Amino acid sequence: MKSIKVGLLGIGTVGRGTFEVLKRNQEEIARRAGRGIEIIMVADLDVARAREIVGSGVQVVANGQDIIDNPQVDVVVELIGGYGIAKELILKAIAAGKHVVTANKALIAVHGTEIFAAAKQKGVMVSFEAAVAGGIPIIKALREGLTANRIQWIAGIINGTTNFILSEMRDKGLSFEAVLAQAQALGYAEADPTFDIEGIDAAHKATIMASLAYGIDVQFERAYVEGITKLQGQDIRYAEQMGYRLKLLGISKRVKNGIELRVHPCLVPSKCLIANVEGAMNAVMVHADAVGTTLYYGKGAGSEPTASAVIADLVDMARMQSADPSHRVPPLAFQSDQIGDDPILDMSSVVTSYYLRLRVADQAGVLAKVTGLLAQCDISIDAVLQRAASEGESQTDLIILTHNCVEKDMNHAIAEIQKLSSILAPIVRIRKEELS
Ligand code: HSE
């Protein structure tokens with residue numbers, strides 16, 4: 001059978017990996033796909049560098065439009081990133097009847113609905129395995145492997161940069177700022193690490209997974225997003241003393257009134273497998289009614305791990321290209337006319353448990369006042385730790401772990417406790433998930 005012809009938009013780190021893995025494993029990949037997969041054209045602003053990577057057998061151009069205009073190209077692989085030219089070229093490729101593979105999580109999380117509608121109208125496929133957790137085949141698992149299940153929740157470490165920072169803070173006792181500087185010097189973190197450290201990158205990925213799991217449109221704008229920039233080393237140490245580790249989690253849950261979708265720092269039990277995912281690695285836990293809990297672990301970024309996901313999409317396309325569009329796997333797992341309208345809940349109605357750190361005057365009755373206010377807000381305490389004040393010190397840290405409660409009740413309780421004259425600094429609140 002005739003090989004499938006691919007045009008690459010952008011040949012940076014992931015593009016190079018895709019080219020090299022396809023070349024190295026071409027025979028084995030063709031045995032799986034039933035036909036060859038051939039990159040025939042590459043568009044990159046740095047034409048000289050692109051030529052150096054692909055050699056003489058591949059046409060290199062500076063303008064992505066040339067790939068779209070080439071009738072020989074069956075599939076366009078978008079590896080440019082961002083919302084601008086990437087979106088424009090993807091929509092043009094679809095309009096030209098080409099299938100699209102993208103690693104662009106931001107684009108899918110924000111503009112996915114428009115892109116999938118355009119693809120359906122033209123009867124072409126849009127695939128995005130590389131957009132979530134790099135080399136981990138989590139999209140495939142959610143879309144196909146778990147298709148028998150009603151998925152109840154997903155919790156994932158889906159940003160390697162922040163997991164590396166939190167691991168280093170814990171292991172070496174360094175501050176957030178010190179580890180970030182180190183990560184940048186080592187090239188782990190971007191020069192502008194905002195999307196990573198503010199939780200935005202993780203929220204893009206959590207948004208995509210929630211759509212696949214619960215059959216809802218991608219709605220990044222409804223996700224609650226809180227990053228790791230305000231975390232302090234002392235909270236990592238107190239959490240450890242109480243049997244927990246601190247991770248940046250992307251969480252989605254199906255609850256009675258809708259869907260929770262949130263990214264924030266979170267305490268998880270130290271014994272839990274996901275708590276032991278260290279460095280830049282990613283892991284995703286999925287809890288579903290038939291299978292129970294499953295865990296997916298691996299490299300969430302990097303040249304060849306991400307290329308592995310891009311090529312998996314290309315193999316699917318090679319197999320499915322001639323199939324009737326109605327027989328293909330729908331991009332969001334659910335048939336497009338079966339996408340539901342379960343609302344994504346406001347953070348104030350989320351139910352979770354909490355870690356609170358209070359800087360208090362070391363006086364009689366302080367603990368009673370604090371627990372009294374928590375009780376008034378219907379918040380039950382799970383554990384308390386009070387650091388013994390050093391000699392001559394008149395203040396100390398009081399750590400409280402709560403049972404599950406509604407976030408708006410916790411907001412109210414914190415506001416009331418903060419008013420007490422014995423509370424000497426802003427209260428630190430970190431959410432906690434037992435993942436059981
Ligand atoms: N910046 C991401 C991370 C990798 O640190 O995990 C690409 O999604």
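The values are calculated or read from the model by the stated rules, or taken from the named source; none is laboratory data. Predicted model, so just to flag it, every value in this text is computed and none were measured. Here the Cβ positions follow ideal geometry from the backbone for every residue, glycine too, while neighbour counts run over all protein chains shown.
Miscellaneous remarks
- When restricted to residues that are away from the ligand (no atom under 16 Å from the Cβ), surrounded by 20 or more Cβ atoms within 10 Å (Cβ to Cβ) and either outside the structural domain of Ile311 (by TED's automatic domain parsing) or among the small types (Gly, Ala, Ser) (or both), the range 124-141 contains 1.
- Some residue of the range 282-297 being within 16 Å of the ligand (Cβ to nearest atom) and surrounded by fewer than 20 Cβ atoms within 10 Å (Cβ to Cβ): yes
- Residue in the range 286-315 that is farthest from the chain's Cα centre (by Cα), counting only those that are more than 12 Å from Pro137 (Cα to Cα), among the hydrophobic types (A, V, I, L, M, F, W, C) and part of a helix (DSSP H, G or I): Val315
- Meets criteria (modelled with pLDDT of 95 or more and in contact with a Gly (Cβ under 8 Å, 6 or more places away or on another chain)) for Ile94: no
Every residue, every condition in (1) within 27 Å of Glu304 (Cα to Cα); (2) modelled with pLDDT of 95 or more, yes or no:
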{"site": "Ile139", "(1), (2)": "yes, yes"}
{"site": "Ala148", "(1), (2)": "no, yes"}
{"site": "Gln152", "(1), (2)": "no, yes"}
{"site": "Arg170", "(1), (2)": "no, yes"}
{"site": "Leu186", "(1), (2)": "yes, no"}
{"site": "Ala189", "(1), (2)": "yes, no"}
{"site": "Pro193", "(1), (2)": "yes, no"}
{"site": "Ala203", "(1), (2)": "yes, yes"}
{"site": "Tyr224", "(1), (2)": "no, yes"}
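- Single unsatisfied condition, Ala318 versus (1) modelled with pLDDT under 95; (2) in a helix (DSSP H, G or I): (1)
- Positions within the range 86-97 being within 23 Å of the chain's Cα centre (by Cα), over 22 Å from Val315 (Cβ atoms) and not small (Gly, Ala, Ser), in sequence order: Lys87
- Of Asp378, Asp382, all but one fail to be within 30 Å of the chain's Cα centre (by Cα), surrounded by fewer than 20 Cβ atoms within 10 Å (Cβ to Cβ) and of a type in the set (Asp, Glu); the exception is Asp382.
- Residue, surrounded by the most Cβ atoms within 10 Å (Cβ to Cβ), within the range 100-123, restricted to residues that are more than 17 Å from Leu9 (Cα to Cα) and in contact with a His (Cβ under 8 Å, 6 or more places away or on another chain): Ala109
- Qualifying residue in the range 255-264 (condition: free of Cβ contacts under 8 Å to residues at least 60 places away in the same chain and either in the same structural domain as Ser167 (by TED's automatic domain parsing) or touching a Gly at 6+ places or on another chain (Cβ under 7 Å) (or both)): yes
- Among (1) surrounded by 15 or more Cβ atoms within 10 Å (Cβ to Cβ); (2) free of Cβ contacts under 8 Å to residues at least 40 places away in the same chain; (3) among the small types (Gly, Ala, Ser) - the single one Ala48 does not satisfy: (1)
- Pairs, first under 15 Å from Gly156 (Cα atoms) in the range 185-205, second at pLDDT 95 or above and of a type in the set (Lys, Arg), C-beta under 8 Å, six or more apart: Asp201/Lys105; His204/Lys105; Lys205/Lys105
- Contact map, the range 391-416: residues that are within 24 Å of Gln241 (Cα to Cα) paired with residues that are polar (S, T, N, Q), Cβ distance under 6 Å, separation 6+ or inter-chain. Pairs shown: Leu398/Gln386; Thr402/Ser353; His403/Ser353; His403/Ser380; Asn404/Ser353.
- Positions within the range 217-246 being out of contact with any strand residue (DSSP E or B) (no Cβ under 8 Å at 6 or more places or on another chain), in a loop (DSSP other than H, G, I, E, B) and buried (at least 18 other Cβ atoms within 10 Å of the Cβ), in sequence order: Val218
- Of all residues making up the range 265-283, the number that are touching a Lys or Arg at 6+ places or on another chain (Cβ under 9 Å), part of a strand (DSSP E or B) and either at positive phi or aliphatic (A, V, I, L, M) (or both): 3
- Pairs, first in contact (Cβ under 8 Å) with a residue 12 or more places away in the chain and part of a helix (DSSP H, G or I) in the range 25-41, second aliphatic (A, V, I, L, M) and surrounded by fewer than 19 Cβ atoms within 10 Å (Cβ to Cβ), C-beta under 6 Å, six or more apart: Arg32/Val315; Ala33/Val315
- Qualifying residue in the range 95-106 (condition: away from the ligand (no atom under 16 Å from the Cβ), within 21 Å of Val225 (Cβ to Cβ) and either of a type in the set (A, V, I, L, M, F, W, C) or part of a helix (DSSP H, G or I) (or both)): no
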